[in-house]
Each structure stands twice: as C-alpha cells, then as structure tokens.
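Written below as structure tokens is the structure these notes are about.
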Amino acid sequence: MSVTPTAEGALLVRSPTPDSRYDMGNRRLFATLDGEGNIRSFRLPEGIAILDGWQAAARVDGVRVTWREAEAMGRSWRLAGEALDATIDQRTVCDAGTPALAQVWEVTNTGQTARVFTLSLEVTFDLRLPAVQVGSSSLNARVYRFLRDNPVSRRALGPRRWAVMNPLGEAQKRLKPAARRRSLEIDARRDGFRVRGDVTAALVMGDAPAEWQPAETGLALNFRAVVAPGETYTLPLLVGAGDGLAPDAYRDIAADADAFAAWLSASFECDDPLLRSLYAASLNVALAMYKELPSGFAGLWAGPGYAYPPRIYFRDSYWTALPILPYRPEWVRAHLLTLATGVHPDGVCPSGVIDPAVLPFEDQAEEGASDWLPDHQDSPAYFVLLLCEYVAWTGDAALLGERLDDGRTLWDCAQSCLNRLLAQPAKDRAPNDWADNVLRSEWVSYDLALLAGALGAAADVARHVGDAATASSYQVDARHIRDLLHIHGWDDAKGYLVDYRRGDGASGAGFVEDHLALDTLLAIRFGAVSPDGAASMLAAARTMLQTRHNAEQPHGDWGVMCCWPPYSLRADLFGKSAQALNYHNGAEWPFLSAIYAHLLMERGDPDWRYALTRWWSVHLERGWLTPVEYHSPAHPPGAFLQGWSGMAASAMLSGGLGLRPALDGTIAPRVPPWGACVAQNVLVHGRPVTLLATETGVTVQGAG
C-alpha cells in the first residue's frame with residue numbers, strides 16, 4: 001500500500017489492504033471505512049451505534065474483485081477494482097447532515113461476453129441505547145467539591161489529593177457498557193428493510209432484487225446481476241438511522257459529497273500536492289467535529305474516540321475552531337453558547353461539557369451535572385480566547401451579551417474565567433490541563449502563557465466595545481502574569497522557559513522540570529516573552545525537538561517531539577505518559593506542531609515546512625488518511641480523525657498567509673513562504689474573501 005496526494009488535494013491509495021481505513025463524519029455521524037469495501041463503524045454522535053458490521057464480498061463470474069486503488073476526500077471514499085474484464089467502482093459517502101451512509105456499486109463490462117456480478121453482504125446492526133451512569137453523580141460531585149475546596153482536606157491530603165479527586169471526577173460520569181442486545185425486529189419492505197432494536201434503522205436498496213436471510217442481529221443478502229458487454233450495472237445501498245430514507249436519496253447524498261470535495265479542493269489551491277492535501281485533510285477533520293443532537297446539544301466534538309458520553313472540550317475545541325472560524329462561524333457561535341453552560345459562576349471550568357440529557361433525570365439539575373472532569377486550569381483561558389477570536393473573525397460582538405438560562409452573559413462568563421485564574425494562577429499538583437497524565441505544578445509555563453494571552457485578548461475586546469477601564473485593568477493583569485512567567489519559568493542558562501517549577505512547600509523540597517516542552521511556545525504566540533527570548537526558544541526547539549536534529553532520541557527523523565528530554569520525575573507521571581516518547585512525554589502532536597509552524601512562518605524561518613508537514617508525511621507513509629491525535633515510533637498512535645489535529649489549516653491561513661482579522665475587520669495578508677496560491681470561500685466579518693498570492697504580493701478580492 002502507498003499513499004500519494006493528488007494535484008487536487010485528495011489522497012490516492014494504491015493497492016489498498018484490509019487495514020486501510022478512512023474516517024469521516026458529518027453533523028450526525030462518525031464512520032470508518034476500509035480497503036475492501038466494508039463499513040467498520042457507523043455511529044451517531046449521541047453514542048448510538050447503527051452498525052456492528054458490514055462485510056461485502058464482490059465477484060465477477062466467481063472471481064473475487066481485486067481492489068487496485070482508493071481515493072479519499074472529505075466525505076467520500078472511493079474504491080476502484082477489477083475482476084476478469086470488468087471494472088468495479090464502489091463509493092461510500094455521506095452528506096452534510098443526514099444520519100445515513102450511501103454505498104454505490106458500479107460494475108462496467110469492458111469485454112465481449114456477458115458477465116455475472118454477485119455481491120454477498122452481511123450486515124450486523126447494533127441499535128442499542130447507551131446505558132446511564134453507575135452510582136450517584138450527585139454524591140460524587142459533592143465529595144469532589146469537598147476535597148477540592150475544604151482547607152482541612154487540602155492540608156491533610158496534600159499532593160496526594162489528585163489520586164482521590166481524579167477518579168472521583170471520572171466516576172461522576174462513568175457509564176455502564178451498553179445494555180444487552182435484544183433480538184432485532186426486521187421488517188421486509190418493497191425497497192429494503194426496517195430494523196428495530198432500542199432504536200430504528202433502515203437498509204434501503206430500491207428495487208434491486210436480492211436473496212436475503214434474517215439473523216438475530218442483522219441480515220445476509222446476495223445480489224446477482226448479468227452485465228452485458230459495454231454496459232454498466234449500478235447497485236445503490238443506503239443505511240441510516242430512522243426509517244424515512246427514500247430509495248433514491250443516494251443521488252442527493254453523493255452529489256452533496258461531490259460538492260463538498262470540490263469545495264475543499266478549491267478552498268486552498270497551490271502547486272504543492274502535499275500542502276494542498278494537508279490543508280484539505282485538516283479543514284475536513286475540523287469541520288467533521290461539529291455535531292447537532294436531537295436534544296439540542298451542539299458543538300465541536302474532539303473526535304470519534306472521545307464521542308460518548310456526548311461532550312465538547314474547552315481546550316480541544318479552541319484549536320479545532322480556529323480552522324473552522326473562517327468558513328463556518330455560525331458553528332463556532334453555537335459551540336460557544338453550549339460551552340458557556342460549563343462555566344461556573346466563580347469561573348471554574350471543567351475539562352469539557354456533556355449533554356445533560358444523557359444523565360438520569362434526578363441528576364440533571366445538580367450543580368456541575370454537565371461537567372466532564374471538573375476544574376481544569378487551562379479551560380477558563382481557552383473559553384476567553386475562543387470568544388475573542390470569534391468576535392475578531394465575525395464582528396459579532398452581540399454574542400458577548402447573549403444570556404444563559406441563569407441570566408449571565410457570555411462576557412460575564414469570560415470575566416469570571418479571568419477572575420478565577422487571576423485569583424489562583426499557580427496550578428495545583430493535579431492532572432488538570434492538556435497534559436493530563438502529568439502532575440504539573442505550581443508555576444506551569446503553558447498555563448501562565450495562556451492566561452497572559454486571554455487577558456490580552458479580553459483587553460482588546462473590552463476596548464473594542466467601549467469599556468476602557470476594564471481594558472486597562474486587564475492590560476495591567478497581563479503584564480503581571482508575564483512577569484510571573486519570566487520569574488518562575490525563564491532559565492537564562494538554557495535560553496528557554498522551563499516546563500514547570502514547584503516551590504519548596506511544606507516538604508521543603510522544590511522541583512523544576514527543566515526540559516523544553518513544545519507547549520511553552522504559546523508564550524511566543526501570545527507575546528509573553530521578548531523578541532530575543534522568542535528567538536532563543538525557537539533555536540532551542542530546532543535542536544532539541546525536531547527529531548531530524550536530535551541524535552539522542554533513537555528513532556531517526558519522525559517529526560517534532562512535544563518535549564525533550566522525557567519527564568524526569570517519575571512521581572509526576574501516570575498512564576501512557578509514564579512511558580518515554582509516548583503521549584505527553586515526547587510524542588508528536590499535530591496541533592502543537594502546527595502552532596510551532598505558525599510561529600516559524602510569521603518569522604520567515606525555513607524550518608516552517610518541516611514543522612508543518614513532517615507529521616503529515618509520516619501519516620501518509622503509514623497509511624493514516626486522516627490526522628491522528630498523536631504518534632510516536634515507539635508506541636501505537638492516538639485516536640483517528642482528531643479535531644484539533646486540523647490546526648495545520650489555521651497555521652497555513654493565519655500564519656502563512658497572515659489572515660488574522662483585527663476586531664474592526666481589517667486584514668493584512670502577506671505572501672506565504674510557499675509562494676503562489678489561492679485561498680477562497682473565507683468569511684471575514686460576514687464578507688466572502690478570496691486571497692490571490694503571487695511571489696510578489698497578495699490581492700484581496702471581496703474585502704470591501
């Protein structure tokens with residue numbers, strides 16, 4: 001198997017294998033497809049699996065089809081194969097918002113004699129509603145808050161407090177496995193089948209004749225068609241939630257998938273297939289994260305690996321939203337309104353917010369019922385940053401005054417977030433920021449840099465809406481946090497910000513994790529270090545974190561590590577991060593590499609291409625067709641189709657082309673380091689904008 005980007009930005013897979021997989025999604029589903037025409041997974045974002053299996057075996061005159069190549073783009077996965085003198089084209093697609101997959105088979109007889117095409121299809125349904133939580137979330141929440149807030153418990157447990165609090169936080173929403181599968185009710189109809197479990201699904205195939213056999217959990221179907229010389233036989237199949245699918249709906253679904261692929265391709269055009277495929281794949285994975293549930297819960301999911309209980313995260317969604325804002329700002333607006341419900345009145349924010357409709361009725365009104373892992377140090381800053389980014393891209397300052405059910409506005413929520421962080425800028429020794437397998441504390445450079453950035457952004461917004469006093473106050477606060485960052489984080493001898501520094505505390509033993517962590521570069525992104533300090537940090541990142549320049553790590557050239565050397569204090573590590581070069585302990589994270597690439601592009605540093613694309617080249621070398629969460633040569637990769645791994649599209653548009661609107665909507669694009677390109681379909685303050693870049697300048701169309 002080999003993967004090659006096409007000139008249009010699609011991915012061409014030669015000699016696909018059963019292990020080839022393509023993940024895609026729309027507002028109502030996540031799906032995984034493979035290199036033999038099977039649907040490995042089809043799941044609704046509220047946690048309901050429609051399929052448990054879809055196994056297809058196609059033959060021509062008894063000869064099994066050999067799949068020659070596949071093509072992936074957006075919401076379309078196409079397989080091309082052959083058997084004898086027949087060619088077979090199979091596409092599996094979804095549209096923008098229907099909870100259904102269409103799979104269309106086309107068999108063309110290029111020979112001189114009639115051929116018999118047969119398709120054996122085994123479809124296994126799931127259709128079970130997920131079960132609710134174990135135990136009482138109300139009790140767990142009260143115990144958690146006691147351990148978090150009571151001074152006696154804080155003193156008695158000390159740094160061991162996290163070992164009790166973190167499991168309690170998870171236990172608040174821990175869920176049982178799905179209920180035991182019951183026998184399905186299968187009703188044959190003229191155009192297919194209706195299948196009932198806990199929920200209803202349909203398999204539709206129009207008037208295509210088929211032999212079928214029901215099973216306890218699905219169907220076995222056999223299709224047979226005689227294809228005359230020179231003719232093409234088409235077999236459309238449609239599977240989805242509910243029972244209202246029309247037999248000819250596959251045409252509209254396929255047309256929508258084609259239009260989306262063309263839109264993706266046109267969004268960024270250049271003569272470099274690798275860059276074009278990276279932009280298309282990154283934008284697609286971000287857009288695939290927006291979900292709308294029947295309950296009304298809507299927002300940006302982290303990915304199919306983090307889908308149930310249905311939830312949105314503060315930190316993941318900030319980086320996922322940045323590529324989306326120029327194209328679908330209304331989705332980010334809806335996401336912010338949902339995310340704000342997780343901001344507590346005192347500004348404390350959980351890691352994420354779940355759909356309260358999945359909880360037992362008696363728990364839905366409990367304080368913190370919607371919290372997913374309570375009290376995360378970076379979440380409040382991310383809420384403020386995303387709110388300010390939204391206003392800058394859209395000019396929609398009215399969102400600041402939108403009210404939650406309790407009467408608070410989103411601007412009230414943002415100010416509460418800042419107050420909470422200003423009151424406690426030092427982080428507890430708990431796994432409650434993005435590196436949630438590491439007990440970073442007390443002065444964490446990443447968290448302080450985020451806070452400095454959030455204060456600066458909030459000052460700009462306050463000034464924009466005419467609140468000069470608040471703007472001035474936040475500017476002073478931002479300067480104070482930058483001073484704290486420099487005092488506690490900067491190491492003159494090393495020339496960069498250390499990861500974190502703990503004071504002496506009651507034990508009298510301080511500690512400094514003085515390796516270089518890629519997340520400390522946020523201090524450069526948010527202007528929290530001097531230009532000389534930024535240059536020194538980027539120089540250190542080049543030699544220490546770019547694996548092509550680091551001979552101490554043993555795996556050659558595989559991208560940008562998130563830290564080096566690995567964490568030195570075993571007592572601060574658990575889970576996957578306890579292993580060197582795994583997870584937060586040195587793996588490559590595409591979202592962090594994109595942030596790094598953005599900084600390099602802004603400075604005209606030729607290393608931008610390595611930081612931006614090396615991880616993507618590794619993905620394609622390994623046959624991974626969508627951005628994954630993280631990877632390392634020494635360990636299995638993280639989750640596939642991961643939303644914030646789409647940050648590369650934002651880095652290219654904002655860092656490369658310089659498209660970052662000011663609050664008044666003005667833009668100042670620049671020639672990107674890759675040279676000539678076209679970026680279109682972008683919205684700035686509601687106006688469509690096209691950027692035409694040449695080697696000497698950028699022309700903006702539609703900005704006036």
Notebook entry, point to check: Roughly how big is the chain's charge dipole about its Cα centre, with Cβ charges of +1 (Lys, Arg) and -1 (Asp, Glu), in debye to the nearest 20?
Noted result: 940 debye
Next item on the list: Mind checking which of PRO247, PRO636, THR200 is farthest towards the positive end of the chain's charge dipole, using Cβ charges of +1 (Lys, Arg) and -1 (Asp, Glu) about the Cα centre?
Entry: PRO636
Check: With r defined as the distance between the Cβ atoms of ASP149 and VAL116 and R0 fixed at 56 Å, what FRET efficiency is calculated, to the nearest 0.05?
Finding: 0.15
Check: For the charge dipole of segment 60-119, defined by +1 on Lys and Arg C-beta atoms and -1 on Asp and Glu C-beta atoms about the Cα centroid, which residue among GLY74, VAL116, GLN90 has the Cα displaced farthest towards the positive pole?
Finding: GLY74
Note to self: So, R0 is 51 Å and r is the distance between the beta-carbons of SER472 and MET1; what FRET efficiency does that work out to, to 0.05?
What the structure shows: 0.30
Next item on the list: Mind jotting down the distance between the C-alpha centroids of segment 10-56 and segment 676-702, whole Å?
Entry: 35 Å
Note to self: Need one word for segment 378-510: rounded, prolate or oblate. Basis is the Cα gyration tensor (sqrt eigenvalues a ≥ b ≥ c); a/c below 1.5 gives rounded, then a/b vs b/c decides.
What the structure shows: prolate
Next item on the list: Report the residues of segment 439-462 in range of a label on LEU484: point 7 Å along Cα→C-beta, backbone N strictly under 13 Å from it.
Entry: 442-455
Notebook entry, point to check: What is the Cα convex hull volume of segment 230-296 when expressed per residue in Å³?
Noted result: 146 Å³
Note to self: I want to check the label-to-label distance for ARG40 and ALA580. Put each point 7 Å from Cα in the C-beta direction and report it in nm to one decimal.
What the structure shows: 3.1 nm
Notebook entry, point to check: By its C-alpha gyration tensor, with a ≥ b ≥ c as the square roots of the eigenvalues, how is segment 1-150 shaped: rounded for a/c under 1.5, else prolate for a/b larger than b/c, else oblate?
Noted result: prolate
Item checked: Label-point separation in nm, LEU404 to VAL63, each point 7 Å along Cα→Cβ -> 6.5 nm
Next item on the list: Give, in nm to one decimal, the length gained when the segment between ALA188 and GLU292 is fully stretched (0.36 nm per residue of separation minus the Cα-Cα distance).
Entry: 34.4 nm
Margin query: Using Stokes-Einstein with the Kirkwood hydrodynamic radius over Cα pairs, what translational diffusion coefficient do you get for the chain at 37 °C and a viscosity of 0.692 mPa s, in µm²/s rounded to a whole number?
Written below: 123 µm²/s
Note to self: At 0.36 nm per residue, and after removing the present C-alpha to C-alpha distance, how many nm does the segment from ALA215 to GLU231 gain when stretched out fully?
What the structure shows: 2.3 nm
Margin query: Quick check for you: which residues of segment 291-314 have the amide N under 14 Å from the point 7 Å beyond the Cα of ALA357 toward its beta carbon?
Written below: 291-299, 310-311
Next item on the list: Report the GluC sites (Glu not before Pro) located in segment 194-235 that are in a DSSP loop and have at most 11 other Cβ atoms inside 10 Å of their Cβ, or state none.
Entry: GLU216
Next item on the list: Return the ratio Rg/(2.2 N^0.38 Å) for segment 449-567, where Rg is computed over Cα atoms only.
Entry: 1.26
Checklist line | Within the chain, helix-based [θ] at 222 nm, where runs of 4 or more DSSP H residues each add -39,500 (n - 2.57), nearest 500 | finding: -9500 deg cm²/dmol
Check: Assuming R0 = 22 Å, what is the FRET efficiency of ALA96 and ASP271, from their Cβ-Cβ distance, to the nearest 0.05?
Finding: 0.15
Checklist line | Separation of the ARG548 and ASP252 label points, Cα + 7 Å toward Cβ, nm | finding: 4.9 nm
Margin query: Under a Cβ-only charge scheme (Lys and Arg +1, Asp and Glu -1), can you give me the dipole magnitude of segment 250-315 about the Cα centre, in debye to the nearest 20?
Written below: 420 debye
Next item on the list: Please report, to two decimal places, log10 I(q)/I(0) for segment 559-602 at q = 0.13, 0.20 Å⁻¹ as given by the Debye formula with identical point scatterers on the Cα atoms and no solvent.
Entry: -0.32, -0.62
Margin query: With Kirkwood's inverse mean 1/r over C-alpha pairs for Rh, give me the Rg to Rh ratio of segment 623-666, two decimals please.
Written below: 1.20
Check: What ranking do VAL227, VAL348 get, fewest neighbouring Cβ atoms within 10 angstrom at the top?
Finding: VAL227, VAL348
Check: Along segment 669-686, what does the Karplus equation 6.51 cos²θ - 1.76 cosθ + 1.60 (θ = phi - 60°) give for ³J(HN,Hα), rounded to whole Hz, x for Gly and Pro?
Finding: x, 9, 5, x, x, 8, x, 5, 6, 10, 10, 9, 6, 8, 10, 10, 6, x
Note to self: With unit charges on the beta carbons (Lys and Arg positive, Asp and Glu negative) and the dipole taken about the Cα centre of the chain, which residue among SER317, LEU274, ALA430 sits farthest to the positive side?
What the structure shows: ALA430
Note to self: In whole Hz and in residue order, list the ³J(HN,Hα) couplings for segment 190-196 that follow from phi through the Karplus curve 6.51 cos²θ - 1.76 cosθ + 1.60, θ = phi - 60°; x for Gly and Pro.
What the structure shows: 4, 10, x, 9, 10, 10, 10
Check: According to the Cα gyration tensor, what semi-axes, each the square root of 5 times an eigenvalue, does the equivalent ellipsoid of segment 551-670 have, listed from largest to smallest in whole Å?
Finding: 29, 16, 14
Item checked: Reference-scaled alpha-carbon Rg (2.2 N^0.38 Å with N residues) for segment 344-389 -> 1.26
Item checked: Where no second cysteine Cβ lies under 4.7 Å, the cysteines concerned in the chain -> CYS94, CYS349, CYS388, CYS413, CYS417, CYS562, CYS563
Note to self: Using the Cα centre of segment 573-681 as the reference point, and only Cβ charges (+1 on K/R, -1 on D/E), how large is the resulting charge dipole? Debye, rounded to the nearest 20.
What the structure shows: 60 debye
Item checked: Extension gain, ARG570 back to GLN364 (0.36 nm per residue minus Cα-Cα distance, nm) -> 70.3 nm
Margin query: How are the alpha carbon pair distances in segment 32-83 distributed across 10 Å bins from zero to the largest one, expressed in percent?
Written below: 21, 44, 27, 7, 0
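Read the figures in this text as sums done on the coordinates, not as results from a lab. Remember, predicted model here, so these are calculated numbers, not experimental data. Here Cβ is always computed from backbone atoms with ideal geometry, including for glycine, and neighbour counts include all displayed protein chains.
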